[in-house]
Ligand SMILES: Nc1ncnc2c1ncn2[C@@H]1O[C@H](COP(=O)(O)OP(=O)(O)O)[C@@H](O)[C@H]1O
Ligand SMILES: [Mg+2]
């Protein structure tokens, strides 16, 4: 059996953290892109498109992220679409992230008074012009803090990828635990690393929120 | 091709898994909200050291993944002498998790109570506990009820992870079934659907409860 | 041919009959004051005239164009109809100058320099030239409303709709806004305003329209109508207001 010094443990965990960060970034980028598309669909005011977005949100907010990952990974491959744990994780995290972000952003757009739309209309601005010059600049300011806040959920969500065998921080944690039989130490370290990744974002999100509330 | 009928022989397994998840959800919802309420009260009105302690707990939980919390409790704690069954570990982990999130949510509600309400209660001679129970809690909860109930749904869905320490919940059942009949897609698809039903049902139940809790609104 | 012409306009919110056959015709240069109890349909009437709300029966013609609530039509209408709201609806993320310049640049496609010139002119007119680079939330309510007026004027509308534009203001700020309106009236702009300022209606207005339960109940010369109301409803209303 290989002996693991504390330094070995930490080195292995930090190496794995790179994958956690990479997966988080990929999921966040995928999630925001899809959420943007969904928000655009919703803003058209077309009732069929609205319905599609609502069902999407209902499904992906109403089922466990883990189940989404299982379906993407085991489910799709049995149906003949061979898919890696990495792709399955990104795919399901994209669903998950976008379903929450589209709702968060809707809340932000809804907080803008209806008068902003009406005043723009009375000045002769078209739908896209209103969106671009009046609604989005204000909505983005409101949405930044909760979006940064949600990125913490994305990072934590990537931990589930360990269950479908993707080797990231949590997975390496369980592997090290099996090798060292020092669960207390190993999982404490894993938790600390996650905390160091997430806490600055949580903190920054709060700062942004305060700044925004003051500037109003 | 999909063969959903291959799942039928295992319906008992699914059902008992579902029941485990329901049981655990009900139990931890109560425990978690109780914990959150206590912590929020401390954070709002408590001694500053106690406040600091609560803040640390909340931030630690909110900034680490649930699965790591679960592994820490189930694998880590026994190694320093606290032996826990998978079920116990799950109840503790879920409660602590919901407790942290609901602390933040409930405190936002407490923050919303006007100073006037508190002064009115004091002037009427209510003591602190009476004031909390009779004057503060109901309106505070009304404000944040939607956020609190969504958090409960999120924690219920997050509980799928406890299958990893072999609690025989719904996800465990799904894994078991697909390992026996090799119908992974069907098995997980149906399970996802059951979870979806569960979250709809949970929200529905919360709405009913909310109508009773905040009946004073209707009475106007 | 009148500038604004309403013919038997009916408007429903679902089953609720808000406007019950409105006939009204307004000539260029007129100042019309619409008065009436809350809920009598005054705002709805204005919002139908500029297409913010669709109506179900009858017809509205502004400056020779039929009004519908289709987006394209509303935008064309914006060139001839300006609107000022009770709660200003300034764009908080844009400076005073930018608020006024926005529509001339992106709707009328004027150059920045040209739009700025217009904006400065209009702000001058409402007495706020020096606030060009301030943000709206640094201004008082009366000042914000004057910016809103300048913003509407920058599109050189033929008719200006004002919906209780002094109601959200502190009493001491009402005067400055009314004074701007008065100047505009003297310059000959067509004004349709929903208002509770009876003095203004009497002194500046050419005509008063009293609305009751979704109908034009009584209309006429302000000096006559306000001192000598014909219907019990108007008597009662004036009794309550004065
Ligand atoms: N968007 C709406 N949906 C349903 N009813 C409305 C809406 N807007 C106004 N109403 C109703 O139409 C009636 C007239 O409203 P409004 O034109 O705002 O009256 P006023 O401006 O004279 O106070 C009121 O009874 C009001 O409740
Ligand atoms: Mg009105």
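Values in this text are rule-based calculations from the coordinates and carry no lab data. As the structure is a prediction and not an experimental result, all values here were calculated from the model. Please note: Cβ atoms are built from the backbone with ideal geometry, for glycine as well, and neighbour counts cover all protein chains shown.
Peptide A:131-137 has a mean shielding of 3, counted as Cβ atoms of other protein chains within 10 Å of each residue's Cβ. Other protein chain C-beta atoms within 10 Å of residue C-beta, averaged over B:185-196: 6. Of A:177, A:46, A:12, the residue with the greatest mean-square motion in the GNM of chain A, using alpha carbon springs below 10 Å, is A:46. Cβ crowding within 10 Å ranks C:4, C:18 as C:18, C:4, fewest other Cβ atoms first. For chain B, the longest principal axis of the C-alpha atoms and the axis of helix B:48-62 are separated by about 20°. For the stretch C:1-66, relative contact order (Cα pairs under 8 Å, six or more residues apart, normalised by length) works out to 44 percent.
Compared with the dominant principal axis of the Cα atoms in chain A, helix A:136-157 is inclined by about 20°. In percent, rounded to a whole number, the relative contact order of chain B is 29, using alpha-carbon pairs under 8 Å and six or more apart.
Across chain A, Cα pairs under 8 Å and at least six residues apart give a relative contact order of 29 percent. Helical runs (DSSP H, four residues minimum) scored at -39500 (n - 2.57) apiece and divided by the length of chain B put the mean residue ellipticity at 222 nm at -24000 deg cm²/dmol. Take every DSSP beta bridge with both residues inside the protein assembly as shown and express the antiparallel ones as a percent of the total, to the nearest 5. Antiparallel: roughly 55 percent of the beta bridges in the protein assembly as shown.
Residue exposure proxy: A:44, B:171, ordered by other Cβ atoms within 10 angstrom of their Cβ from fewest to most, comes out as A:44, B:171.
Anisotropy class assigned to chain B is oblate, per the alpha carbon gyration tensor with a/c at or over the 1.5 cut-off and a/b no larger than b/c. Between B:128, B:193, B:206, the residue with the greatest mean-square fluctuation in the GNM of chain B (Cα pairs under 10 Å linked by springs) is B:128.
Partner shielding of C:14-23 amounts to 0, given as the average count of beta-carbon atoms from other chains within 10 Å of each residue beta-carbon. Rounded if a/c is under 1.5, else prolate if a/b is larger than b/c, else oblate: which is the protein assembly as shown, with a ≥ b ≥ c the root eigenvalues of its Cα gyration tensor? It comes out prolate by the Cα gyration axes.
Each of B:134, B:47, C:93 has some number of other Cβ atoms within 10 Å of its Cβ, and from fewest to most they run B:47, B:134, C:93.
Geometric descriptor of the stretch A:153-216, per residue, is 72 Å³ (volume of the convex hull of the Cα atoms). Taking the helices alone, chain C has a mean residue ellipticity at 222 nm of -11000 deg cm²/dmol, built from -39,500 (n - 2.57) per DSSP H run of at least 4 residues and averaged over all its residues. From the Cα gyration tensor of the stretch A:22-211, with a ≥ b ≥ c the square roots of its eigenvalues, which class applies: rounded if a/c is under 1.5, or else prolate if a/b is larger than b/c, or else oblate? Cα axes put the stretch A:22-211 in the oblate bin.
If I fit a long axis through the Cα atoms of helix B:11-45 and take the longest principal axis of the Cα atoms of chain B, what angle between them do I get, 0 to 90°, rounded to 10? Roughly 20 degrees, rounded to the nearest 10. In the stretch C:90-156 the Cα-Cα distances spread across 10 Å bins starting at 0 as 26, 59, 14, 0 percent of all pairs. Using every pair of separate Cα atoms, the Kirkwood estimate puts the hydrodynamic radius of the stretch B:89-138 at 12.5 angstrom. Comparing A:47, A:92, A:162, which has the greatest mean-square fluctuation in the GNM of chain A with Cα pairs linked when under 10 Å apart? The residue with the greatest mean-square fluctuation here is A:47.
Taking the DSSP bridge list for chain C and keeping only pairs wholly inside it, about 55 percent are antiparallel. The helix-only estimate of mean residue ellipticity at 222 nm for chain A, built from DSSP H runs of length n ≥ 4 each weighted as -39500 (n - 2.57), is -26500 deg cm²/dmol after division by the residue total.
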